[in-house]
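This report concerns only the one structure given below.
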Amino acid sequence: MRKEQWQKIKENYSEEREFLDGVFYRLRLLPQHKAELAIIHAGPCGETIHAPKITFDTQTLQPLSAFDSLATPTINLSYDEAPDKVVELFDLTVAKFLQAKNLR
């Protein structure tokens, strides 16, 4: 993610889930300069399904981990375990956040 993309996401999303294009989008700021981008689907029993949820460093804008409970098998990876896959999911998630509100 580039700094200008992060700025657009920070300005347009919050910790409140926002329903866009049939799913919920949420930006959660975490301690120690971390944040989480989550695309959340409603499950058939009312549960929340993160697909995906990406944690990243807000200073370096580097992804730290990726979780996707909609994928089969479930994805639960750290950057150290699978850097290419985590970066791929991070980039796709950032693109979806920007596209959902036409922020490109």
### Task
Starting from the range 1-13, take each residue that is farther than 20 Å from residue 86 by Cβ and list its partners that are open to solvent by 60 Å² or more (accessible area, probe 1.4 Å) and among the basic types (Lys, Arg), counting only C-beta distances under 9 angstrom and pairs at least six apart or across chains.
8/104
### Message
If a residue counts only when it is farther than 24 Å from residue 102 by Cα, which strands (runs of 3 or more DSSP E) contained entirely in the range 18-64 have at least 1 such residues?
### Response
23-30, 34-42, 48-57
### Task
Taking the options 25, 13, name whichever one is within 12 Å of residue 93 (Cα to Cα) and aromatic (Phe, Trp, Tyr).
25
### Task
Among the residues of the range 77-92, count how many are crowded, with 16+ Cβ neighbours inside 10 Å and assigned to a loop (DSSP other than H, G, I, E, B).
1
### Message
Taking the condition of being within 16 Å of the chain's Cα centre (by Cα) and closer than 20 Å to residue 35 by Cβ, how many residues in the range 67-82 meet it?
### Response
8
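The values are calculated or read from the model by the stated rules, or taken from the named source; none is laboratory data. Computed from a predicted structure; not experimentally measured. Counting neighbours? That spans all protein chains shown, and the Cβs are built from the backbone with ideal geometry, glycine included. Quick note on the areas: whole protein, heavy atoms, side chains included, nothing else; ligands and nucleic acids left out. Shrake-Rupley method; radii C 1.70, N 1.55, O 1.52, S 1.80 Å.
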